[in-house]
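These notes are about the structure you will find just below.
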Amino acid sequence: MSATPPLHGVCDPRFAAVREAFTENFTKRGDVGAAVCVYVEGKPVVDLWGGFADAARTKPWERDTLVSVASTTKGMTTLCAHILVERGVLDLDAPVARYWPEFAQAGKDAILVRWLLSHRAGLPAIRRDMAPQSLYDWNAMTAALAETEPWWRPGTQHGYHAMTFGFLIGEVLRRITGKSVGQFLRAEVTGPLEADFFIGVPETEDARAAEVLPDPPPHPGDVTMWETLLRDPLSMSGRAFLNPPRTPTVTNTRAWRAAEIPAGNGHTTARALGRIYGALAQGGALDGVHLLRPATIAAAIVEQSSGLDAVLQFPTRFGSGFMLPTAERPFGPNPRAFGHPGRGGSIGFADPEARVGFGYVPNQYQTGTLQHPDLRWPILVDAVYASLGKK
């Protein structure tokens, strides 16, 4: 087995602590391949990558290596929705059925678009059993959601819509624009910003895709969140993650990369996350590319849901789509930070107060436990703010 190669990229001397923490992620915290990027006041100050893109540790992580980032994808889907809000073609306080008439089935006629974004719609899972291949069939997933009866009275509580979030928001977006989320994101965000984030990876980009490595076994006596949630696969929480059923290795298949699953199968670089959130951190524009107005961003991050999550069974906070920090999971020291983490350890977020955009992507997934949490991105974030003198 080869040794971990040296880190590559650039790091402003002021942020040497970030480079040191990133190095220690490989030597002390289990990273195999990863990248981190930090924008401050619209400029990249950290852009580092290293390690290996495969389990055999034979393929070096390159500058343009893409990796599947699970729910970090939700931040991009949310951004697309708010672009439509700013243009006046999507009303968050309108019923979903205004845009998607078939959605009104099973008592869902009064569900608001805002509730889809804030995980309050009562649709974290599809009730009927779905075949594994249906995960890649947009029409099958949206039709099943349209016929699903909510698991709770919509608007009365929140619970993480782990996989359904992207199909729900994505179908509303498709009905308005005629484009899929992946197409819209490319046309309106990543293309203009020259940021490598795909929801639906073209086959021509497959050679850049890192191999996702499954979670290592937990320490003796530790219980992971997934073990707790999935004890009953037929429960609401179980179905939220396992209906349609999928195996951990699915993320390394062409079918997964090709599909558009806008809650969970985005593929990106840390550089792209840092750049997109860097734009949002300084008012919504970067290098002449406008994403959102400051007022749109401010409205998007007003808290809509907080407290015990009915699906995850621990506290979460959401604005209208973006995840908001909690005491257990701060995105740095400033309370107005927003973004979205993903299963396995990736994250992208913006901090408007410090004007920081942050992205971190690994291929070694780590869920962590209460006793042994995944500290890779939190330690990097601490190093960023320590370098800014704002920890």
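Derivation of every value follows stated rules applied to the coordinates shown; laboratory data play no part. For clarity, every value in this text was computed on a predicted model and none was experimentally measured. Positions of Cβ are backbone-derived with ideal geometry, glycine not excepted, and every protein chain shown enters the neighbour counts.
Provide the descending list of Cα extents for the chain along its principal axes, expressed in whole angstroms.
In descending order, the Cα extents are 56, 46, 42 Å.
Can you compute 3J(HN,Hα) from phi for each residue in the stretch 193-206, using the Karplus curve 6.51 cos²θ - 1.76 cosθ + 1.60 with θ = phi - 60°, rounded to whole Hz and x for Gly and Pro?
7, 6, 10, 7, 9, 10, 10, x, 8, x, 4, 5, 9, 4
Which value, in debye to the nearest 20, gives the size of the charge dipole of the stretch 8-388 about its Cα centre, when Lys and Arg are +1 and Asp and Glu are -1 at the Cβ?
Charge dipole, the stretch 8-388, about its Cα centre: 300 debye, nearest 20.
Compute the signed sum of charges (Lys and Arg +1, Asp and Glu -1) over the other residues within less than 13 Å, Cβ to Cβ, of F318.
Spelling it out: positives minus negatives among the neighbours equals +3.
Around P218, what is the net charge, scoring Lys/Arg as +1 and Asp/Glu as -1 over all other residues with Cβ under 14 Å from its Cβ?
Taking every other residue near P218 into account, the sum is -4.
Cα-based Rg of the stretch 200-335 per 2.2 N^0.38 Å, rounded to two decimals?
1.28
Please order T369, T228, T251 by the number of other Cβ within 10 Å, starting at the fewest. Could you put the intermediate results ahead of the total?
Numbers: T369 17, T228 13, T251 24.
If I rank by nearby Cβ atoms, fewest first, I get T228, T369, T251.
Using a 10 Å cut-off around each Cβ, can you sort M130, M141 from fewest to most neighbouring Cβ atoms?
Result, fewest neighbours first: M130, M141.
All other residues with a Cβ under 14 Å from the Cβ of A55 taken together, and with Lys, Arg as +1 and Asp, Glu as -1, what is their net charge? Intermediate results must be reported in sequence, preceding the final value.
Working: positive: R57, K59; negative: D31, D54, E211, D215.
Once all neighbours under 14 Å are counted, the net charge is -2.
Which whole-angstrom value gives the distance between the alpha carbon centres of the stretch 208-236 and the stretch 266-307?
30 Å
Going by how many other beta carbons lie within 10 Å of each one, how would you line up Y365, Y385, Y160, fewest first?
Final ranking by Cβ density, sparse to dense: Y385, Y365, Y160.
Compare R19, R254, R87 in a GNM of the chain, Cα atoms joined below 10 Å, and give the one with the largest fluctuation.
Among R19, R254, R87, the largest mean-square fluctuation in the Gaussian network model of the chain belongs to R87.
Can you give the calculated 222 nm mean residue ellipticity of the chain, where each DSSP H run of n ≥ 4 adds -39,500 (n - 2.57) and the sum is split over every residue, rounded to the nearest 500 deg cm²/dmol?
Mean residue ellipticity, 222 nm, calculated: -8000 deg cm²/dmol.
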